[in-house]
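The structure appears right after this line, and notes come after that.
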Amino acid sequence: MNRKDRRAARSNRGKGGPVVQGIGPGAMSANLFASAIERFNTGRFDDAERLCRDVLMFNKGHFDALHMLGLIAARYGNLDAAVELYGRALAVNGGSAECHFNLGQVLRAQGRNLDGMTHLGEATALKRDYVAAHVALADMLVAQNDLEGARSRYEQALAIDPRLVDARHDLANILRQLGHFDEAAAQFRQVVATRPDYAEAISNLGVVLSAQGRFADAAEQYQRAIAIKPELVDVYRNLARALLADGRADEAVMAVVRGLAIRETDEAKATFVQCAQSAMNISPDERFRDLVARALTEGWGRSAELSPLAAFLFTTSPTGSAALERVLAAPGGPATDSNALLAELADDHLLCALLESAPVRSVALERFLTTLRSALLQFATRTEPTAAPDEHTLAFACTLARQCFINEYVFAETDTDVAQIAALRDRINLAVTAGAPMPPIWLAALGCFAPLHSLASVASLRQRLWLEPLTTLFIQQVQEPAIEREIAAAIPALTAIDDATSIKVRNQYEEMPYPRWVKTASLGQPTSIDWFLRSQFPNAPILPVQRAEGLDVLIAGCGTGQHAIETAQRFAGARVLALDLSRASLAYAARKSRDAGRRNIEYMQADILNLGSLNADFDVIESSGVLHHLRDPQQGWRVLLSLLRPGGVMHIGLYSAAARSDIRAARALIIERGYQDTAADIRRCRQELLSFADGTPFKNVTRYSDFFTTGECRDLLFHVQERQFTIPEIKSFLAENGLAFLGFTGAVTQAYRGRFPEDQAMTDLDCWQAFEAENPMAFVNMYQFWVQKG
């Protein structure tokens, strides 16, 4: 039951509804008003209204009649009339606590909260033990985000009447939001002791225990709540997150799947992605495979996060394992003429969902697809121009071509592949120029090795009519890149880009903007930045950030827009300015924002180092994975701080020197071998790295998710500029610039909590330094943290 429902229930019990106590007959019209009271109390409101108006004919200033007419008007929803009648009544008798209360409630219903609070406050001043007024004031203070004020009012109400279970439950929630977890837990336990079947209170006790890091205890409370009230769908999500944090990923998946079976919410879908990516030991049934496929195609979260799981499910399935054995064991590659294999693959909804939604992040599956791609190319070159297309061969070839576009053609190419692609390209261009027939498999095969928009004859090719699945392939490889080129030309420049290092970095991302993400993740209902920060850092001292007029957010280094769009979705009232060096990246981001219907993001080209003259400031600044690519990262960081409002917060992502030793070793090898940052050299370098023995630094880098697309691999191993940081350096910078450390994010916090339980806020950077010294790979995905400006 949410707060609104609890308030409604309280009203129905008479605690928050109209008050009639003390209404007595007027001196000049006792009989009429006595009849009005009788009609009102028996629900005959029209008769009561008529009688009250008769009373006013004798005495225009009859307080009780005016008050009752206000009650009747409010009951019928005539709020303006009710306000006017209560006002007239109070003009006669301003000392009526009940009338002040009723007027306050009506003003609240009109959204006039400040006026409503004034009258409710007057009611409690006139009648200090007015429980309903204290509770109503507390509710309104919560709506105003005045949690301390709400706490005081709830405590006053409970001091008068300790039996108010709902008020105690709301007080417990306030204490939880304020970070007073021990007090909150005590209040929730008192609620449950009074009402053992109060499932919502039991669940909220679990929320408090989770915030305290007691995930096993929290899971127990969630399970109790579900046993009492199985329809509480959000509790399954909380249970799943507690189980995941407790290291029980497989149980977590099962919990969220149970919740999805009751009702599919965006929040539950996002939790499924969060849990499923860690559950590699689950016994998958067809329903689970279907959910993973849906999560990929419908954008339940970032599709790339599910890529390893989807690959695992396919390669270990009877169909997948047999296909891998058949393809990889066949001398000279598989025979595709029979189409039996391709028919199986085209009908595997999970495999196709993966190939069309995210880069494949599995070496075994990559090798399978690379071999299959060469076989498809050979098949295409043998296909006559007038040959009728085979449905299964074409369908899978187009799906594979979409995967290859997503991963920026990272799969290895043989000399034979290169020669056959050049010949096929010439045949296609000649056929288009001559207006000759052409089999669709030619285009699908070419799209597996190079984007179709690279064809010299692409303009004429677009004029031909093509059926599915080639149409979808054209949209991806021809139409969308053309849209991006138009957008790029129109992207406004906010600053000059004149720093030599910034120019090199810009050129890298102009050539290879990444990632080529496909689906926009749905994050559910937007929340306030304050709620988000409290949920991330429940024990940290955090000043309020959210402003009534909205939230100004700067994304400094937005890349292809995935993070910017998620931020625009996540925070209520967000107005997002997203900046990047690369027009190609910005154009991709802008197109994806249009596709997602996001109108609260503005994209501009800029260099962080030149933002000092920007005449703007922000409540939130996010710069993840960006500052370490500047010539002077700390200078860039200080520039961003100059744009952050006092009390504003900043999300920073920086590379950890300790976690990147393998990458430094791989880069040394790259320099030794003379590999360049071209696509062809990146492909060759990847194959050499894969050839090393397991456990070597060179082989270790092949486990990074960034290893599996060309642009990401270039960023990982060939970047033109990278600076790595240490925790002491971060601590020093924060101290020099007056920043409060709110905390690191990610799964690493659970391990840290177990190592340093005394640091409840998890903000002691000296302890974090000791933790990283013991676990050098703890921040393999960067130091991701939030700070607040004093």
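Throughout, read-outs are computed from the coordinates displayed, never taken from laboratory work. Not measured: the values here are computed from a predicted model. Note that each Cβ is placed from the backbone with ideal geometry, even for glycine, and that neighbours are counted across all protein chains shown.
Based on the alpha carbon coordinates of region 232-351, what radius of gyration and maximum Cα-Cα distance (Dmax) apply, in Å?
That works out to 16.5, 57 Å for Rg and Dmax.
Pull up the cross-link candidates among the lysines for LYS127, meaning alpha carbon to alpha carbon under 19 Å and not fewer than 8 places away within one chain.
Output for LYS127: LYS15.
Once you sort the root eigenvalues of the Cα gyration tensor of region 563-623 as a ≥ b ≥ c, which label holds: rounded (a/c under 1.5), prolate (a/b larger than b/c) or oblate (the other case)?
Working: a/c = 2.29, a/b = 1.21, b/c = 1.90.
Note, shape of region 563-623 comes out oblate.
Using a Förster distance of 45 angstrom, determine the FRET efficiency expected from the C-beta separation of ARG195 and GLN760, and round it to 0.05. Walk me through the numbers on the way to the answer.
Details: r = 30 Å, r/R0 = 0.67.
Calculated value: 0.90.
Kirkwood Rh over alpha-carbon pairs of the chain, then Stokes-Einstein at 25 °C and 0.890 mPa s: what D in µm² s⁻¹, rounded to an integer? Mind showing how you got there, number by number?
On the way: Rh = 30.4 Å.
Taking Rh from Cα pairs, D becomes 81 µm²/s.
Taking N as the number of residues in region 633-790, what is its Cα Rg relative to 2.2 N^0.38 Å? Show your work: numbers first, answer last.
Working: Rg = 17.9 Å, N = 158, 2.2 N^0.38 = 15.1 Å.
Scaled against compact globular proteins, the figure is 1.19.
Among ALA397, THR383, ALA340, flag the residue with its Cα farthest along the positive direction of the charge dipole of region 315-486, charges on Cβ as +1 for Lys/Arg and -1 for Asp/Glu.
THR383
List the longest stretch of the chain that has no exposed loop site; here a site is one of the GluC sites (Glu not before Pro) assigned by DSSP to anything other than H, G, I, E or B, with at most 12 other Cβ within 10 Å. Write out the running numbers ahead of the final one.
Values: sites that count: GLU231, GLU549, GLU758.
Maximal segment without exposed cleavage sites: 232-548.
Report the one residue of SER321, ALA245, GLY213 whose Cα lies farthest in the direction of the positive end of the charge dipole of region 205-350 (charges on C-beta: Lys and Arg +1, Asp and Glu -1; origin at the Cα centre).
With unit charges placed on the Cβ atoms, the residue in question is GLY213.
To check my understanding: the extent here is largest minus smallest coordinate of the Cα atoms along each principal axis. What are those three numbers for region 263-305, in Å, largest first?
25, 19, 17
Could you sort the peptides 428-441, 166-179 by per-residue average Cβ neighbour count (10 Å cutoff), highest mean leading?
Per-residue Cβ counts within 10 Å, averaged per peptide and sorted highest first, yield 166-179, 428-441.
Are there chymotrypsin sites (Phe, Trp or Tyr not before Pro) in region 68-113 that DSSP marks as loop and that have at most 15 other Cβ atoms within 10 Å, and which are they?
On the way: sites: TYR76, TYR86, PHE101; in loops: TYR76.
Here the sparse-neighbourhood loop sites are TYR76.
Can you give the charge dipole size of region 653-790 about its Cα centre, rounded to the nearest 20 debye, using +1 on the beta carbon of Lys and Arg and -1 on the beta carbon of Asp and Glu?
Rounded to the nearest 20 debye, it is 380 debye.
Sorted from largest to smallest, which semi-axis lengths in Å does the alpha carbon gyration tensor of region 659-717 give for its equivalent ellipsoid, taking the root of 5 times each eigenvalue?
Working: eigenvalues 48, 31, 24 Å².
Listed largest to smallest, the semi-axes of region 659-717 are 16, 12, 11 Å.
Evaluate the relative contact order of region 124-191 (contact order divided by residue number), counting alpha-carbon pairs under 8 angstrom at least 6 apart; express in whole percent.
So the answer I get is 25 percent.
Mind giving me the nanometre distance, one decimal, between the label points for ALA412 and GLU468, set 7 Å out from Cα along Cα→Cβ?
With each label placed 7 Å out from Cα toward Cβ, I get 3.6 nm.
Assuming R0 = 51 Å, what is the FRET efficiency of GLU231 and ALA434, from their Cβ-Cβ distance, to the nearest 0.05?
Values: r = 66 Å, r/R0 = 1.30.
Working from the Cβ atoms, E equals 0.15.
Expressed as an acute angle from 0 to 90° and rounded to the nearest 10, what is the orientation of the C-alpha long axis of helix 391-406 relative to the principal long axis of the chain?
So the helix axis and the longest Cα principal axis differ by about 80 degrees.
Taking +1 at the Cβ of each Lys and Arg and -1 at the Cβ of each Asp and Glu, which of GLN277, LEU103, ILE497 sits farthest along the dipole of the chain towards its positive end, judged by Cα position relative to the Cα centre?
Positive-most Cα among the choices belongs to LEU103.
Roughly how big is region 315-486's charge dipole about its Cα centre, with Cβ charges of +1 (Lys, Arg) and -1 (Asp, Glu), in debye to the nearest 20? If you can, show how the numbers build up before the last one.
On the way: 11 positive and 19 negative charges, 58 e Å.
With only Lys, Arg, Asp and Glu charged at Cβ, the dipole is about 280 debye.
Check the straight Cα-Cα distances from LYS731 and name the lysines below 28 Å, setting aside those fewer than 8 residues away within the same chain.
Cα-Cα hits under 28 Å: LYS789.
Fewest Cβ neighbours within 10 Å first, please rank ARG660, ARG462 accordingly.
Numbers: ARG660 21, ARG462 15.
Placing the least packed residue first, the sequence is ARG462, ARG660.
Need the C-alpha centroid separation for region 589-646 versus region 706-750, integer Å.
Spelled out, the Cα-based centre of one part sits 16 Å from the other.
Treating the angle as unsigned and between 0 and 90°, give the value, to the nearest 10°, between the Cα long axis of helix 249-262 and the longest Cα principal axis of the chain.
60
For the chain, what does -39500 (n - 2.57) per DSSP helix run (n ≥ 4), summed and divided by total residues, give at 222 nm, in deg cm²/dmol to the nearest 500? If you can, show how the numbers build up before the last one.
Details: 40 runs with 466 residues, N = 790.
Using -39500 (n - 2.57) per qualifying helix, the result is -18000 deg cm²/dmol.
How far, in nm, would the chain grow between ALA34 and GLU155 when pulled straight, counting 0.36 nm per residue and subtracting the alpha carbon separation? Can you show the working numbers first?
Numbers: separation 121, 0.36 × 121 = 43.56 nm, distance 3.83 nm.
So the chain would gain 39.7 nm between ALA34 and GLU155.
Tell me, TRP531, TRP786 in order of fewest to most beta-carbon neighbours within 10 Å? Mind dumping the intermediate values first?
On the way: TRP531 15, TRP786 23.
By the 10 Å Cβ count, ascending, the order reads TRP531, TRP786.
According to the square roots a ≥ b ≥ c of the eigenvalues of the Cα gyration tensor, what is the shape class of region 93-168, taking rounded for a/c under 1.5, prolate for a/b larger than b/c otherwise, and oblate for the remainder?
Details: a/c = 2.01, a/b = 1.19, b/c = 1.69.
Judged from the Cα gyration tensor, region 93-168 comes out oblate (a/c at least 1.5, b/c at or above a/b).
Could you state the angle between the C-alpha long axis of helix 415-434 and the longest principal axis of the C-alpha atoms of the chain, as a value from 0 to 90 degrees rounded to the nearest 10?
80
Loop only by DSSP, 14 or fewer other Cβ within 10 Å of the Cβ. Give me the trypsin sites (Lys or Arg not before Pro) in region 252-324 that pass, ordered by residue number.
Working: sites: ARG258, ARG263, LYS269, ARG287, ARG289, ARG294, ARG302; in loops: ARG263, ARG302.
Sparse-neighbourhood loop trypsin sites (Lys or Arg not before Pro): ARG263.
Return a whole-number percent for the relative contact order of region 659-717, with Cα pairs under 8 Å and 6 or more residues apart as the contact set.
On the way: 49 pairs, mean separation 22.2, N = 59.
Relative contact order here is 38 percent.
Viscosity 1.567 mPa s, temperature 4 °C: Stokes-Einstein D of region 315-486 from its Kirkwood Cα radius, in µm² per second?
Numbers: Rh = 16.3 Å.
It diffuses with D of about 80 µm²/s by this estimate.
What is the spin-label model distance, in nm, from ARG382 to THR726 if the labels are put 7 Å beyond Cα along the C-beta direction?
6.2
Once you charge only the Cβ atoms, +1 for Lys and Arg and -1 for Asp and Glu, what is the size of the charge dipole of the chain about its Cα centre, to the nearest 20 debye? All intermediate terms of the calculation are to be shown ahead of the outcome.
Values: 81 positive and 92 negative charges, 246 e Å.
The calculated dipole for the chain is roughly 1180 debye.
In the chain, what % of DSSP beta bridges are antiparallel (nearest 5)? Don't skip to the answer; put the middle values down first.
Working: 12 of 35 bridges.
DSSP beta bridges in the chain are roughly 35 percent antiparallel.
Based on C-alpha coordinates, I'd like the Rg and Dmax of region 46-93, in Å.
9.7, 27
Test of understanding: ordering ARG464, ARG753 by Cβ neighbours within 10 Å, fewest first, what list do you get? Mind dumping the intermediate values first?
Numbers: ARG464 12, ARG753 16.
The order, fewest Cβ neighbours first, is ARG464, ARG753.
Compute the Kirkwood hydrodynamic radius of region 3-225, taking the inverse of the mean of 1/r over all pairs of distinct Cα atoms, and give it in Å to one decimal. If you can, show how the numbers build up before the last one.
Numbers: mean 1/r = 0.0529 Å⁻¹.
Evaluated over region 3-225, this radius sits at 18.9 Å.
Could you give the spread of the C-alpha atoms of region 381-465 along their three principal axes, from largest to smallest, in whole angstroms?
Per principal axis, max minus min of the Cα coordinates gives 33, 27, 23 Å.
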